[in-house]
C-alpha cells in the first residue's frame, strides 16, 4: 500500500490471504474478481489491484508458521504493542507479532471464540476502504457464537468509543451487531447456531465479502478456475450472495448487493 495518513483507530484497514500456492491464487482471483498484481511489501507477497487501486494482499504461506489458508481482516491501531496487551488481558491469544511488515507493524491474534484477526499499526493507502466497487471488499462479517460478547471484546481492544457518535456507531440488531465508522457501515458481527459445528464455513471466523457485478457469473468463473461453491447463489437482505472456496481452501463471499 502507498503510504498515507493513519487509518481511523479501530477501523478495518486491510485484508489479506495467506496461501500455499501464490501463482495459482493470483490466477484464480484474477479470473473471479478481475484483479491485477504488483509486488508488495516483501518477497512472495503481492498487492491485488482493482482499477489500479490496491484492495488486498496475497502472500505465500511459510510452512513453519502453521497458519491455515484463509482471508484475514486487519484493524487499525495506534500501537500494536498496546493493542496486543489488551488482547491478552481479555483472554485472547496473540499468535504472531507484533513484527515489522513493510513500513508498518502487524500482529495476528485469535479472539476468545477462536476467530483469527490482524492488527495494523502504521500508514495505509488512502484509497482503501470497505466499499461498493467491483473487486473491492464490500463487507467484513464475524460469524461467531455470541455477537454481543464479541462486540464487547473487539470494542475494548479497538476502543470503539460510544461517546464519539460522529466517528463510531455500534448498533445492536437482534443477533447482529453493526459497526459504523464515520457514517459508513463497515463490519457486522453475527452470532448463534455454530456451537460445536464441524464445517469450516460456520466456525467462528471473519469473512470477507467482495463486490462483483454478477454473482452467478462469478460462481461460474470460480468453478472454471478450480474453486468450489460452499454456498450457492441466493438472495439475502443485502442482495445476491454466494460463498466460494479458492483452490487452496480460502473461503470468501461474493455479492452484487448493497451491504
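The values are calculated or read from the model by the stated rules, or taken from the named source; none is laboratory data. On a predicted model such as this, the values are computed, not experimentally measured, just so you know. Neighbour counts run over all protein chains shown; Cβ positions are idealised from the backbone, glycine included.
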- Query: Taking the condition at pLDDT below 90, crowded, with 22+ Cβ neighbours inside 10 Å and under 28 Å from residue 236 (Cα atoms), does residue 170 pass?
  - Reply: no
- In region 105-135, residue modelled with the highest pLDDT [restricted to those that are more than 24 Å from residue 150 (Cβ to Cβ) and in a strand (DSSP E or B)]: 105
- Query: Tell me, which residue of region 8-53 that is in a loop (DSSP other than H, G, I, E, B) and without any contact (Cβ under 8 Å) to a residue 24 or more places away in the chain is farthest from residue 242 (Cα to Cα)?
  - Reply: 43
- Checked against (1) under 30 Å from residue 226 (Cα atoms); (2) free of Cβ contacts under 8 Å to residues at least 12 places away in the same chain; (3) assigned to a strand (DSSP E or B), residue 100 satisfies every condition except (1)
- Message: Please determine whether any residue of region 40-48 is modelled with pLDDT under 90, farther than 27 Å from residue 156 by Cα, surrounded by 15 or more Cβ atoms within 10 Å (Cβ to Cβ) and within 15 Å of the chain's Cα centre (by Cα).
- Response: no
